[in-house]
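Working notes, beginning with the structure itself.
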Amino acid sequence: MVFSSYIFILLFLPLVIVGYYFLSIFKNSIYQKIFLIAASLFFYGYYNVKYLLLIVISIIVNYIVAIWIQEKKLHAKIFLVLGILFNVGLIGYFKYYDFFIENVNVIFGTDFLLKNLLLPLGISFFTFQQLSFLVSIYKKEEKVENLCDYVLFVTFFPQLVAGPIVLYSEMITQFKDEKRRVFNAENFAAGIYMFSIGLFKKAVLADTLAEFVSNGFGMVDIGFVAGWIIALSYTLQIYFDFSGYSDMAIGLGRMFNINIPFNFLSPYKAESITDFWKRWHITLGRALSTYIYIPLGGNRKGIIRTCINLFMTFFVSGLWHGAAWTFVLWGMLHGTFRVLEYLMGKRLEKIPHSVRVTMTFFIVNALWVLFRAENFTQAIEVYKGMLNLGNLGINQLDMVVGVSGGINFPLVIDIVYIMAMVILLLIVVFRFRNSVTRLQEFVASKRELLVASLAFAVAMLCLSRESIFIYFNF
Amino acid sequence: MNKKIKKWIVSFVGIVLSIMLILSTIAYSIDPFFQFRTKDDSYMLSGWFVSSGLIKNYDYDMLILGSSMTQNFDMDVIREELKVNPLHIGLGGINSREIGELIGLAYETGNAEKFFVGVDMSIFTTDTNESRIPSYLLKDDMLSKFRYLLSYEVWFRYIPVDIAFMMLDGLGVELPIKFEYSKSIDKLEDWSLDYSFGEEIVLANYIGGKYAVSNVNTDDLYSRMVKNIDNFIANFDFEKGEHVFFFPPYSSLYWCNAQEQGYFDMYMQAKEYFVNNVSEYDVKVYDFQYAELTTNLDNYRDTSHYSSEVNDWMVKCFASQEYIVTKENLDMNKEILTTNTNAFRKKYAKLFE
């Protein structure tokens with residue numbers, strides 16, 4: 001099930017909220033937890049029941065391994081390795097098997113058949129979350145709690161399929177907090193506010209930009225203006241799509257009195273790639289730093305090892321995002337810029353802030369092309385367009401807008417529409433307060449009421465468009 | 001404090017519901033996709049969105065359904081020649097599933113007594129069978145009605161355009177005939193004004209690869225077509241009225257191209273399979289594909305799409321019941337089509353060198 005759907009907003013969510021708070025009449029919180037787990041599993045298996053089996057197996061195996069790590073202290077390391085192998089094997093099989101076989105076939109001229117496996121929803125997220133749990137048990141930072149709490153930690157539907165990637169420690173204390181079991185109007189109102197903003201970002205902005213992007217990435221002989229508009233459209237789309245999803249997740253968490261960590265902090269205002277990764281998909285950055293960068297040695301083993309560690313972390317990040325060389329190269333290029341910034345150190349600070357922000361944005365924007373392209377040929381077409389000073393015409397924007405909703409608008413309208421939209425949204429991402437700040441400063445005022453209700457109502461009108469969250473694929 | 005916040009939550013729900021109610025009422029009164037009533041010459045019409053509404057609410061007794069080959073039928077000619085009250089739904093690239101959905105809806109409403117269905121060969125060769133008609137326009141339940149009234153297409157696409165039309169109309173602005181066509185139910189999806197016709201254009205398009213026949217995957221083609229034909233026929237309930245199928249008159253260049261790509265014979269076999277199968281029912285099948293006019297490229301804009309004069313001629317054939325194909329004359333028709341194609345190939349030999 002997706003958040004931005006009628007079934008979720010009009011049926012699933014109201015029923016789960018009512019059911020959850022009704023069960024708070026019982027002294028024992030187990031009923032509420034079981035109810036929430038059942039609802040989360042229904043949410044997860046709504047489109048494909050087969051996924052349920054996979055997530056249930058994953059949870060049970062990880063839970064047992066965690067107990068072994070905790071109790072059989074002498075062999076804890078062995079069990080940790082087994083747990084890691086299980087999780088990496090699971091994600092490797094479903095996400096990377098075909099990618100591996102494709103490359104084997106190309107390199108060795110073999111003809112092994114691909115499995116064309118359907119990527120289970122959110123596998124990268126719940127696998128990563130459980131891996132981090134095993135490591136924290138091994139390090140004795142955490143203790144294995146009862147099965148119910150653990151299952152809820154993994155399956156809690158607001159963060160199940162596309163993050164934010166939460167830590168056991170930050171969730172379990174909240175699940176155990178008795179005060180959070182009962183309805184809290186303040187949290188609920190803040191949750192509604194955040195959910196409405198996220199829904200607007202996704203259903204209105206990202207899904208409109210998605211039409212431009214889909215048309216643009218299929219074009220050839222792209223001109224300069226169209227090339228930039230296509231690239232910028234995707235840069236904006238992926239931001240509004242993923243941050244919209246995260247906002248909705250945070251908002252939903254609040255409705256259940258659970259604080260889910262923030263995932264975005266105005267990433268396009270970043271003044272370096274290093275800064276960008278402190279603002280974009282923050283919980284992934286945190287996890288990669290804790291479980292890849294630091295175990296590799298972090299910055300403790302000299303300049304060269306630090307550079308290698310940084311680069312490797314971004315290499316893994318690229319691969320985590322998708323089983324394709326475009327993702328790997330995207331990660332490697334981010335890693336390269338990160339290393340360069342590390343080597344330049346404080347010298348970068350001599351460059352004026354506005355120049356640094358602009359440069360960072362151009363780099364991020366250019367690299368998103370690689371991230372979006374289905375293959376290198378497609379990416380090269382867009383890059384060629386962005387450099388095509390021989391064609392400065394704007395007529396191609398008509399093709400980027402396409403025949404939207406069965407109407408082929410006149411050229412002038414299409415050009416004004418797409419240019420105005422992209423420019424306006426660039427102003428929004430550079431000048432406006434982000435939703436985190438808005439949530440932190442939230443008061444139940446008339447202005448916020450108007451913002452939330454209008455955003456929600458307009459977004460509801462856009463739900464008839466079929467769409468999918470970009471990060472569901474990762 | 002708590003009371004104030006609770007009031008905020010209640011107000012949020014109240015405002016959202018009020019907005020929805022107001023928008024629903026406006027959308028209901030305009031009804032751009034004709035889900036409650038039809039209104040001619042008023043709104044911009046897209047076949048994908050208004051077809052179901054027209055089938056449900058328009059006053060007609062004959063339904064013409066098909067692809068771009070049926071889009072240019074002149075309803076006045078049909079009224080005059082066939083003495084019927086027609087509704088024509090022509091959707092470019094319509095597939096078997098979409099035909100099934102629309103014909104099923106027509107059976108449910110029971111308005112039509114006659115069903116004329118264009119049989120494009122591409123319906124049988126394609127593997128994609130997903131419907132492009134929004135599901136909320138096909139269903140009749142309350143939820144679907146609300147989805148329609150509060151849909152993106154209604155509020156972000158058609159109502160703004162319709163309001164612009166109304167304002168321009170109010171200001172006395174005379175729009176080009178193309179825009180008038182786009183508002184007419186009789187002219188729904190008519191593309192005759194959008195293209196030029198003639199031998200030179202067809203040949204230029206063919207040589208340039210523009211509007212040429214799309215490449216057909218010939219692997220396992222015949223068995224695929226047989227399966228698709230079975231599915232297509234299963235869409236119909238021949239008890240519900242008089243059913244007429246027609247194979248549109250593609251140009252001889254289309255058939256030469258089919259020979260070039262190696263699927264000419266498979267198409268002929270598929271056509272035979274279709275005719276043999278529907279002959280079990282009380283239906284008529286017209287085959288215009290061997291007609292003399294197919295050899296004259298002046299009638300076409302590309303290899304398959306013909307001018308509206310050809311549509312008029314087809315209607316006259318319906319009236320005079322010429323070009324009916326049966327099990328008995330199938331071979332003869334095929335022979336004529338092959339002869340026409342070979343003669344055309346000789347005439348335009350340079351094209352195929």
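For segment A:411-456, which positions are among the polar types (S, T, N, Q) and either in contact with a His (Cβ under 9 Å, 6 or more places away or on another chain) or farther than 19 Å from A:Phe361 by Cβ (or both)? Those that are among the polar types (S, T, N, Q) and either in contact with a His (Cβ under 9 Å, 6 or more places away or on another chain) or farther than 19 Å from A:Phe361 by Cβ (or both): A:Ser435, A:Thr437, A:Gln440, A:Ser445, A:Ser453. Among the conditions (1) closer than 30 Å to B:Phe33 by Cα; (2) at pLDDT 90 or above, the only one that A:Phe432 does not satisfy is (1). Name the residues in segment A:18-36 that are closer than 19 Å to A:Met248 by Cα and buried (at least 17 other Cβ atoms within 10 Å of the Cβ), would you? If the condition is that a residue be closer than 19 Å to A:Met248 by Cα and buried (at least 17 other Cβ atoms within 10 Å of the Cβ), then A:Tyr20, A:Leu36 are the ones that fit. Residues that are acidic (Asp, Glu) and exposed (fewer than 12 other Cβ atoms within 10 Å of the Cβ) were ranked within segment B:160-199; the one that is farthest from the chain's Cα centre (by Cα) is B:Glu174. Check whether at least one residue in segment B:162-176 is in contact (Cβ under 8 Å) with a residue 12 or more places away in the chain and among the β-branched types (Val, Ile, Thr), and report yes or no. Within segment B:162-176, not a single residue is in contact (Cβ under 8 Å) with a residue 12 or more places away in the chain and among the β-branched types (Val, Ile, Thr).
Here's the yes/no breakdown for (1) facing chain A (nearest Cβ under 10 Å); (2) touching a Cys at 6+ places or on another chain (Cβ under 7 Å); (3) buried (at least 18 other Cβ atoms within 10 Å of the Cβ):
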site: B:Asp31; (1), (2), (3): no, no, yes
site: B:Asp40; (1), (2), (3): no, no, no
site: B:Val50; (1), (2), (3): yes, no, yes
site: B:Ile64; (1), (2), (3): no, no, yes
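Among the residues making up segment B:149-161, a single one is without any contact (Cβ under 8 Å) to a residue 24 or more places away in the chain and in contact with a strand residue (DSSP E or B) (Cβ under 8 Å, 6 or more places away or on another chain): B:Arg157. Looking at A:Leu82, A:Leu41, A:Leu52, just one residue is touching a residue at least 12 places away in the same chain (Cβ under 8 Å), outside the structural domain of A:Gly253 (by TED's automatic domain parsing) and surrounded by fewer than 18 Cβ atoms within 10 Å (Cβ to Cβ), and that residue is A:Leu82.
Filtered by the rule that a residue be aliphatic (A, V, I, L, M) and under 17 Å from A:Ala287 (Cβ atoms), segment A:298-334 gives A:Leu310, A:Met312, A:Val316, A:Leu319. Going by what's in this entry, would B:Ile78 be described as away from every other protein chain (no Cβ under 14 Å), of a type in the set (Val, Ile, Thr) and within 23 Å of B:Phe232 (Cα to Cα)? No.
Return yes when A:Ala203 is touching a Ser or Thr at 6+ places or on another chain (Cβ under 7 Å), within 14 Å of another protein chain (Cβ to nearest Cβ) and over 21 Å from A:Ile294 (Cβ atoms) and no when it is not. Considered against the rule, which asks whether it is touching a Ser or Thr at 6+ places or on another chain (Cβ under 7 Å), within 14 Å of another protein chain (Cβ to nearest Cβ) and over 21 Å from A:Ile294 (Cβ atoms), A:Ala203 comes out as yes.
Under the condition of being more than 24 Å from the chain's Cα centre (by Cα) and of a type in the set (Gly, Ala, Ser), the residues counted in segment A:302-361 number 3.
Where residues in segment A:428-468 are of a type in the set (Val, Ile, Thr) and within 10 Å of chain B (Cβ to nearest Cβ), which of them is nearest to A:Val213 (Cα to Cα)? It would help to see each step written out before you state the result.
At the first step, the residues of segment A:428-468 found to be of a type in the set (Val, Ile, Thr) are A:428-429, A:436-437, A:443, A:451, A:458, A:468.
After this cut, where a residue has to be within 10 Å of chain B (Cβ to nearest Cβ) as well, the list is A:443, A:458.
Working: A:Val443: 37, A:Val458: 22 Å.
Per the criteria, the residue is A:Val458.
I'd like the full set of residues that are small (Gly, Ala, Ser) and at pLDDT 90 or above, limited to segment A:293-351. Within segment A:293-351, A:Ser317, A:Gly318, A:Gly331, A:Gly335 qualify. Given the condition farther than 17 Å from A:Arg465 by Cβ and either within 13 Å of another protein chain (Cβ to nearest Cβ) or among the basic types (Lys, Arg) (or both), answer yes or no: does some residue in segment B:126-138 qualify? Looking for residues that are farther than 17 Å from A:Arg465 by Cβ and either within 13 Å of another protein chain (Cβ to nearest Cβ) or among the basic types (Lys, Arg) (or both), one finds none in segment B:126-138, hence no. How many of the residues making up segment A:107-149 are over 21 Å from A:Lys77 (Cβ atoms), surrounded by fewer than 20 Cβ atoms within 10 Å (Cβ to Cβ) and at pLDDT 85 or above? Final tally of qualifying residues: 5. Among residues belonging to segment A:155-172 that are modelled with pLDDT of 90 or more and in a helix (DSSP H, G or I), point out the one that is nearest to the other protein chains (Cβ to nearest Cβ). Of everything passing the filter in segment A:155-172, A:Pro158 is nearest to the other protein chains (Cβ to nearest Cβ).
Looking across segment B:146-158, the residues that are surrounded by 18 or more Cβ atoms within 10 Å (Cβ to Cβ) and part of a helix (DSSP H, G or I) come down to B:Arg147, B:Tyr148, B:Leu149, B:Tyr152, B:Glu153, B:Val154, B:Trp155, B:Phe156, B:Arg157, B:Tyr158.
Evaluation of A:Phe242 against the conditions (1) within 19 Å of A:Phe371 (Cβ to Cβ); (2) crowded, with 24+ Cβ neighbours inside 10 Å; (3) out of contact with any His (no Cβ under 9 Å at 6 or more places or on another chain) shows that the sole unmet condition is (3). Every condition in (1) more than 14 Å from chain A (Cβ to nearest Cβ); (2) in contact with a Phe, Trp or Tyr (Cβ under 9 Å, 6 or more places away or on another chain); (3) within 16 Å of B:Leu45 (Cβ to Cβ) is met by B:Val161 except one, and the failing one is (1). Put simply, of A:Ala287, A:Ala249, A:Ala231 the only residue that is closer than 30 Å to A:Gly385 by Cα and not in a loop (DSSP other than H, G, I, E, B) is A:Ala231. Among the residues of this structure, A:Phe327 does not count as one that is of a type in the set (A, V, I, L, M, F, W, C), assigned to a helix (DSSP H, G or I), in contact (Cβ under 8 Å) with a residue 60 or more places away in the chain and buried (at least 16 other Cβ atoms within 10 Å of the Cβ).
Restricting attention to segment B:1-29, the residues that are aromatic (Phe, Trp, Tyr) and within 9 Å of another protein chain (Cβ to nearest Cβ) add up to 2.
In segment A:394-452, which residue that is among the basic types (Lys, Arg) and over 28 Å from the mean Cα position of the chain (by Cα) is farthest from A:Asn263 (Cα to Cα)?
First, the residues of segment A:394-452 that are among the basic types (Lys, Arg): A:431, A:433, A:438, A:446-447.
So of that shortlist, the ones also over 28 Å from the mean Cα position of the chain (by Cα) come out as A:446-447.
Details: A:Lys446: 27, A:Arg447: 25 Å.
Among those that are among the basic types (Lys, Arg) and over 28 Å from the mean Cα position of the chain (by Cα), it is A:Lys446.
Within segment B:82-137, being part of a loop (DSSP other than H, G, I, E, B) and closer than 19 Å to B:Lys284 by Cα holds for B:Lys83, B:Val84, B:Ala112, B:Glu113, B:Val119, B:Asp120.
Counting only residues that are part of a helix (DSSP H, G or I) and within 24 Å of the chain's Cα centre (by Cα), segment B:321-353 holds 0 of them.
For segment B:236-294, name all the residues that are of a type in the set (A, V, I, L, M, F, W, C) and either outside any helix (DSSP H, G or I) or without any contact (Cβ under 8 Å) to a residue 12 or more places away in the chain (or both). Talk me through it step by step, then tell me what you get.
Looking only at segment B:236-294, we keep the residues that are of a type in the set (A, V, I, L, M, F, W, C), and these are B:236, B:238, B:244-247, B:253, B:255-256, B:258, B:264, B:266, B:268, B:270, B:274-275, B:278, B:283, B:285, B:288, B:291, B:293.
Correct list: B:Phe236, B:Val244, B:Phe245, B:Phe246, B:Phe247, B:Val283, B:Val285, B:Phe288, B:Ala291.
The values are calculated or read from the model by the stated rules, or taken from the named source; none is laboratory data. These numbers were taken from a predicted model, which means no experiment stands behind them. Counting neighbours? That spans all protein chains shown, and the Cβs are built from the backbone with ideal geometry, glycine included.
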